[in-house]
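Report on one structure; see the data block that follows.
The values are calculated or read from the model by the stated rules, or taken from the named source; none is laboratory data. Computed from a prediction, not measured in an experiment: that's the story for all the values here. Here the Cβ positions follow ideal geometry from the backbone for every residue, glycine too, while neighbour counts run over all protein chains shown.
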Amino acid sequence: PTEDYENLRRRIYSNTKELWYYVHHELTKVIQEDNKAEKIQTILDQIGERKRSLLSDQQSLPELDGYNEWRQAEAANVSDLVQRRLHYLQNPPDCKDARKLICNLNKGCGFGCQLHHIVYCLIFAYATERTLILNSKGWRYNNKGWEYVFMPISDTCTSAYDDKVVMWPDLDNKYSVEVTYDAKVLALTFIDSISQKPKFLPLAIPKDLAHRITRFNGDPSSWWIGQMLKYILKPRQAMQKAINDTIAKMNFKKPIVGVHIRRTDKVGTEAAFHHIHEYMVHVKDYYDQLELTRPVAVRRVYLATDDANVLEDARSKYPSYEFLGDASIAKTAATHRRYTPLSLTGLLVDLHLLAMCDYLVCTFSSQVGRVAYEMMQTNRVDASDSFFSLDDIYYFGGQNAHDRVAVMPNDGAYQDISFQVGDLIGIAGNHWNGYGRGTNKRTNMNGLIPWYKTADHLVLYPFPEYKQVPL
Ligand code: GDP
């Protein structure tokens, strides 16, 4: 390691202690003082500044440790390997003979939700070594089918011929999981209707790649899902041109923070309403931190939304920020037209640009927000620290249990639950106040958990290793 790296590492250690000295001293003093509210606000501001400094230093660590080029190269290599494996799977030497999986794109939901449906099918196909056949005639975003907007997911194999098609799982047959697995052609149901879920479904990642991915990326599950999106989401020339033309009209420049505000039909049904202010707190925090190491001439925000009034509202409330966004895209997305071909170009522009931003503020309850983050994960080595979700932690709809593992014991003396090192805790969510909620799987106790005493529990599944594809 370089001298700079060692010095920075020591500085972080020392400044973490400094933070404590400050908090301890100030709060001890304030206990005795009048005018507490004002004093506490000053202390909070100071702590915020010190926190940003610590995080900023820690972000510099990987730039100084001497491995940055290695990480870049490794991320590109592993991504390339996954893409080549998918290409191999999707283009079998003998299509007629190949085992297949049929997936229907007629899920009655939005584009983000449908993309995740294809991702689930593709992971199923990869896990069972089947070529994925996507049926998309009558698709709500293009009546003629997926291939009229995006490149087909296979160049050579797009039909199951007249082979017998077996539904998986056979919902009337409780032994279906084993019985139907061997069929030559399977057709998949929606992930939401499977009761016994295969272990290879998200958030699991392939065991043979896990130890490579974890060395450059902090959230391998979403990286893996992002790789599926990278394979399927290749706009055809006409669509790509429409996207490029819209983007060219915008003054998209870095640094820039992406904000996704999902409202209309989502609010009150699947998510709560969040005021623009709640998003901007995190945008401000991002820029305040960035300004510790470099001047920021313009605080730019790319705003994507399905609420036609948000852009104007944001511009009037935050005049010192520059908001990029296309009011006509938002307008289309704000009406019933959001699920029609008319909306698709605008949505792809939004997704593409959100994923290119330096930082993303959104609600992970929205599949649009999650897709943007997954795409971000394929755009750079590691985007796992480049977002803030106002509500849910990252998840994949219909996923298997998401656990955290205790890395320190907790005695549960306050309002929290107790656990021992190694306990698995099924996670309901993070409250973004230092605590999350979950169930200790050993004791069945449900309650609050100090988040910092737990770590994400990554599930490794022995997917096929595609030895035919060179490493
Ligand atoms: P979810 O409902 O937010 O979980 O995501 P879905 O993708 O399933 O459905 C929401 C639909 O609303 C999208 O497919 C879009 O058509 C539209 N939409 C939501 N947010 C945006 C946005 O920021 N920009 C655009 N252009 N459309 C959006």
Open item on the list: For segment 333-342, give me each residue that is under 22 Å from HIS274 (Cβ atoms) and assigned to a helix (DSSP H, G or I).
Closed with: ALA333, ARG338
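For every residue, the table says whether it meets (1) in contact with a Lys or Arg (Cβ under 6 Å, 6 or more places away or on another chain); (2) farther than 14 Å from ILE102 by Cα; (3) without any contact (Cβ under 8 Å) to a residue 12 or more places away in the chain; (4) of a type outside the set (Gly, Ala, Ser).
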{"residue": "TYR120", "(1), (2), (3), (4)": "no, no, no, yes"}
{"residue": "PHE124", "(1), (2), (3), (4)": "no, no, no, yes"}
{"residue": "THR128", "(1), (2), (3), (4)": "no, no, no, yes"}
{"residue": "THR131", "(1), (2), (3), (4)": "yes, no, no, yes"}
{"residue": "SER136", "(1), (2), (3), (4)": "no, no, no, no"}
{"residue": "TRP139", "(1), (2), (3), (4)": "no, yes, no, yes"}
{"residue": "ASN142", "(1), (2), (3), (4)": "no, yes, no, yes"}
{"residue": "ALA160", "(1), (2), (3), (4)": "yes, no, no, no"}
{"residue": "ASP163", "(1), (2), (3), (4)": "yes, no, no, yes"}
- [ ] Among the residues of segment 202-248, count how many are basic (Lys, Arg) and assigned to a loop (DSSP other than H, G, I, E, B).
- [x] 3
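Each row is one residue, and each column tells you yes or no for (1) touching a Phe, Trp or Tyr at 6+ places or on another chain (Cβ under 9 Å); (2) assigned to a loop (DSSP other than H, G, I, E, B); (3) not aromatic (Phe, Trp, Tyr).
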| position | (1), (2), (3) |
| --- | --- |
| VAL371 | yes, no, yes |
| ILE393 | yes, yes, yes |
| PHE396 | yes, yes, no |
| VAL405 | no, no, yes |
| ILE427 | no, no, yes |
| GLY436 | yes, no, yes |
| PHE463 | yes, yes, no |
Open item on the list: Just the residues that are over 21 Å from the mean Cα position of the chain (by Cα) and free of Cβ contacts under 8 Å to residues at least 40 places away in the same chain, please, taken from segment 88-118.
Closed with: PRO93, ASP94, ASP97, ASN106, GLY108
Open item on the list: Among the listed residues THR131, THR156, identify the single one that is buried (at least 19 other Cβ atoms within 10 Å of the Cβ) and away from the ligand (no atom under 16 Å from the Cβ).
Closed with: THR131
- [ ] Residue by residue through segment 279-324, note down the ones that are assigned to a loop (DSSP other than H, G, I, E, B), under 17 Å from LEU347 (Cα atoms) and among the aliphatic types (A, V, I, L, M).
- [x] ALA308
Open item on the list: Checking VAL165 against (1) closer than 19 Å to ASP94 by Cα; (2) modelled with pLDDT of 95 or more; (3) surrounded by fewer than 21 Cβ atoms within 10 Å (Cβ to Cβ); (4) not polar (S, T, N, Q): exactly one of these is not met. Which one?
Closed with: (2)
Open item on the list: Can you report the number of residues in segment 329-342 which are touching a residue at least 12 places away in the same chain (Cβ under 8 Å) and within 10 Å of the ligand (Cβ to nearest atom)?
Closed with: 9
Task: Selected residue [more than 10 Å from the ligand (Cβ to nearest atom), surrounded by fewer than 13 Cβ atoms within 10 Å (Cβ to Cβ) and not aromatic (Phe, Trp, Tyr)] from LYS284, LYS249 - done: LYS249
Open item on the list: So for segment 219-234 (the condition being surrounded by fewer than 16 Cβ atoms within 10 Å (Cβ to Cβ) and more than 26 Å from ARG71 (Cβ to Cβ)), does at least one residue qualify?
Closed with: no
Task: Extreme residue, surrounded by the fewest Cβ atoms within 10 Å (Cβ to Cβ), among residues of segment 83-115 that are of a type in the set (A, V, I, L, M, F, W, C) and within 16 Å of the ligand (Cβ to nearest atom) - done: CYS109
TODO: Taking the options TYR359, TYR373, TYR302, name whichever one is within 15 Å of the ligand (Cβ to nearest atom), of a type in the set (Ser, Thr, Tyr) and in contact with a Ser or Thr (Cβ under 7 Å, 6 or more places away or on another chain).
DONE: TYR373
TODO: Consider ILE256 carefully, then state whether it is within 13 Å of the ligand (Cβ to nearest atom) and either loosely packed, with under 12 Cβ neighbours inside 10 Å or under 19 Å from TYR321 (Cα atoms) (or both).
DONE: no
- [ ] Among the numbered conditions (1) closer than 23 Å to ILE191 by Cα; (2) within 16 Å of the ligand (Cβ to nearest atom), tell me where VAL149 comes up short.
- [x] (1)
Open item on the list: Anything in segment 259-278 that is near the ligand (Cβ under 10 Å from one of its atoms) and part of a loop (DSSP other than H, G, I, E, B)? List them, or say none.
Closed with: ARG262, ARG263, THR269, GLU270
- [ ] State which residue is surrounded by the fewest Cβ atoms within 10 Å (Cβ to Cβ) when the search covers only segment 376-401 and only residues that are polar (S, T, N, Q) and more than 16 Å from the ligand (Cβ to nearest atom).
- [x] ASN379
TODO: Quick one: in segment 417-436, of everything that is buried (at least 18 other Cβ atoms within 10 Å of the Cβ) and not aromatic (Phe, Trp, Tyr), which residue is farthest from ARG215 (Cα to Cα)?
DONE: ILE417
